[in-house]
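Enquirer: Okay, handing you the structure first.
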Amino acid sequence: MWPATFASRLESWNNLRDSCQNIPIEQALETINSWWFAVPWKPYYLHWDDQATWPDPWQLLSDNIYCDLARGLGILYTITLLDRADLTSATLVLTESGDNLVLVAKEKYILNWDGNTIVNTIQAVKIKRQLTQQEVKKQYL
């Protein structure tokens, strides 16, 4: 069940990050992906053209509105704030097919595709737009 209040969402997100800090990478990514797929989904909250005004992680949790892009952004924020050496190459991308995916470890892991698992077997991703962890750290954290 998704937490109803901002305080409970913030606590749940903090617990998620704590639980993923020292577990194997695949388990951490599956846990993060699964947690973000539990959000209440609504279409068309964020758009790539409005990237300059995207919410920071805390505002995203406060707004509590999650389209596919917002969910991907939340996944990227979570991975970035873990600050793990094995999770330093995550990128949020818009593919040419319109999917908003989070690529980790040079596309070895693909999140925000399916709620039950992380994917690593789809065809090569053709990237239309992207947001890297380094950009996230400069712009939002």
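Readers should treat all values here as calculations from the given coordinates under stated rules, not as data from a laboratory. Keep in mind that this is a model prediction, so the values were computed, not measured. Positions of Cβ are generated from backbone atoms using ideal geometry, with glycine treated the same way; all protein chains shown enter the neighbour counts.
Enquirer: Sorted by average packing, counted as other Cβ atoms within 10 angstrom per residue and highest first, what order do 12-20, 104-112 take?
Expert: Working: 12-20: 15.3, 104-112: 19.7.
The peptides rank, most packed first, as 104-112, 12-20.
Enquirer: Also, quick follow-up: Kindly provide log₁₀ I(q)/I(0) values, in the same order as q = 0.10, 0.11, 0.15, 0.17 Å⁻¹, from the Debye equation applied to equal alpha-carbon scatterers of the chain.
Expert: Those come out to -0.29, -0.35, -0.68, -0.90, one per q.
Enquirer: Let me ask another. Which lysines does residue 108 reach when only Cα atoms under 18 Å apart count, and residues fewer than 8 places away in its own chain are ignored?
Expert: Leaving aside lysines fewer than 8 places away in the same chain, those within reach of residue 108 are 126.
Enquirer: Expressed as a whole number of Å, what is the distance separating the alpha-carbon centroids of the stretch 30-66 and the stretch 75-123?
Expert: 15
Enquirer: Hey, another quick one. I'd like the Karplus ³J(HN,Hα) series for the stretch 102-113: coefficients 6.51, -1.76, 1.60, θ = phi - 60°, whole numbers in Hz, and an x wherever there's a Gly or Pro.
Expert: Per residue, the Karplus-derived 3J(HN,Hα) values read 10, 9, 10, 6, 6, 6, 5, 10, 10, 10, 6, 9 Hz.
Enquirer: Now for a different question. Could you pull the Rg and Dmax for the stretch 1-46, using just the Cα atoms, both in Å?
Expert: 11.9, 34
Enquirer: Give the relative contact order (percent, whole number) for the stretch 15-141; include only Cα pairs under 8 Å separated by 6+ residues.
Expert: 24
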